[in-house]
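Here the structure comes first, spelled out in structure tokens, and everything after it is commentary.
The values are calculated or read from the model by the stated rules, or taken from the named source; none is laboratory data. The structure displayed is predicted, hence computed values, not measured ones. Here Cβ is always computed from backbone atoms with ideal geometry, including for glycine, and neighbour counts include all displayed protein chains. Accessible surface areas use protein heavy atoms only, side chains included; no ligands, DNA or RNA. Shrake-Rupley method; radii C 1.70, N 1.55, O 1.52, S 1.80 Å.
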Amino acid sequence: MDLVAVNKELKTKSPAEIVDWALAQGGNPVVTTNFRPYEAAILHAVTLLKKDMTVVWCDTGYNTNKTYLHANRVIDALGLNVKLYVPKQTSSYRDAVMGGIPGIDDPLHKEFTEQVKLEPFRRAMKENQPDIWFTNLRKGQTAFRDTLDIVSKGEDGVLKVSPFFYWTDHELDVYLEEHQLENEFKYFDPTKVLENRECGLHVQ
């Protein structure tokens, strides 16, 4: 597949057209979510064309109360087929052993990230074996993501597709309003700390 040509063609397409193209490329797609801001858009876009889409939710266990309540409302509103993946260790265990959430300069932060995000994600991908992976990555979020495009391909051969890659917050606000979807900004990622910092999941 010529990804340069594909991305050039898809850049002028709508998210729905991008999702439709991607679904034709494989037989076992998944969409991952953490119910951070604007996640309802990608969940709506993919399930509109594939109602039973597997939705992989890797929950760190450190979401805010508002995020959990928001997640439940979106799941119910869209009838999502959610597969939940959580860390093998409890937050209470980490509080005792690590003294809470390690700062990004703490040597324990790497192990913390492995426990709460990377291991559950790898487990999810191993169990579901997707060939298409839908995400809501967007240009401008981090320096690393600026090097990507609508479609990229991992070393495992899985096509990563981000239908809203070139969309702005304003455009997504309009999308959510048009489709009567709610948003939630009280989101906390304990592995990133800084908004423009990668947690490691997308650079594996």
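Between the helical axis of 169-178 and the longest alpha-carbon principal axis of the chain there is an angle of about 70 degrees.
Which peptide among 5-17, 122-134, 34-46 comes first, and what is the full order, when sorted by highest mean count of other Cβ atoms within 10 Å?
Sorting 5-17, 122-134, 34-46 by mean packing, highest first, produces 34-46, 122-134, 5-17.
Using just the alpha carbons, could you tell me how many Å³ per residue the convex hull of region 1-103 encloses?
Working: hull volume 15.9 nm³, N = 103.
Convex hull volume per residue, Cα atoms: 154 Å³.
In the chain, the DSSP-assigned H stretches of four residues or longer account for a calculated mean residue ellipticity at 222 nm of -10500 deg cm²/dmol, using -39500 (n - 2.57) per stretch and the full residue count as denominator.
Keeping the other protein chains in place, figure out the carbon and sulfur percent of the accessible area of the chain, with a 1.4 Å probe. Each step should come with its number before you reach the end.
Values: 5360 of 10460 Å².
Whole-percent figure for carbon plus sulfur exposure: 51.
In percent, rounded to a whole number, the relative contact order of the chain is 29, using alpha-carbon pairs under 8 Å and six or more apart. If you average the alpha carbon positions of region 14-31 and of region 39-79, how far apart do those two centres end up, in angstrom? So the two Cα centres are separated by 18 Å.
If you roll a 1.4 Å probe over the heavy atoms of the protein chains, what accessible area per residue do you get for the chain, in Å²? Don't skip to the end; give the middle numbers.
Values: 10460 Å² over 204 residues.
Heavy-atom accessible area per residue stands at 51 Å².
Computed from the C-beta positions of GLU9 and THR168, the FRET efficiency with R₀ = 22 Å rounds to 0.55.
Pairs LYS88/LYS192; LYS117/LYS160; LYS13/LYS117; LYS13/LYS51; LYS50/LYS88; LYS11/LYS126: which exceed 27 Å Cα-Cα? Spell out each step's value before the answer.
Working: LYS88/LYS192 20 Å; LYS117/LYS160 18 Å; LYS13/LYS117 32 Å; LYS13/LYS51 21 Å; LYS50/LYS88 31 Å; LYS11/LYS126 30 Å.
Beyond 27 Å: LYS13/LYS117; LYS50/LYS88; LYS11/LYS126.
Set the Cα radius of gyration of region 77-124 against 2.2 N^0.38 Å, with N its number of residues, and you get 1.39. Centroid-to-centroid, using Cα positions, region 164-184 and region 100-142 are 24 Å apart. Computed from Cα positions, the angle between helix 65-78 and the longest principal axis of the chain comes to roughly 30 degrees. Sorted from greatest to least, the principal axis extents spanned by the alpha carbons of the chain come out as 50, 36, 31 Å.
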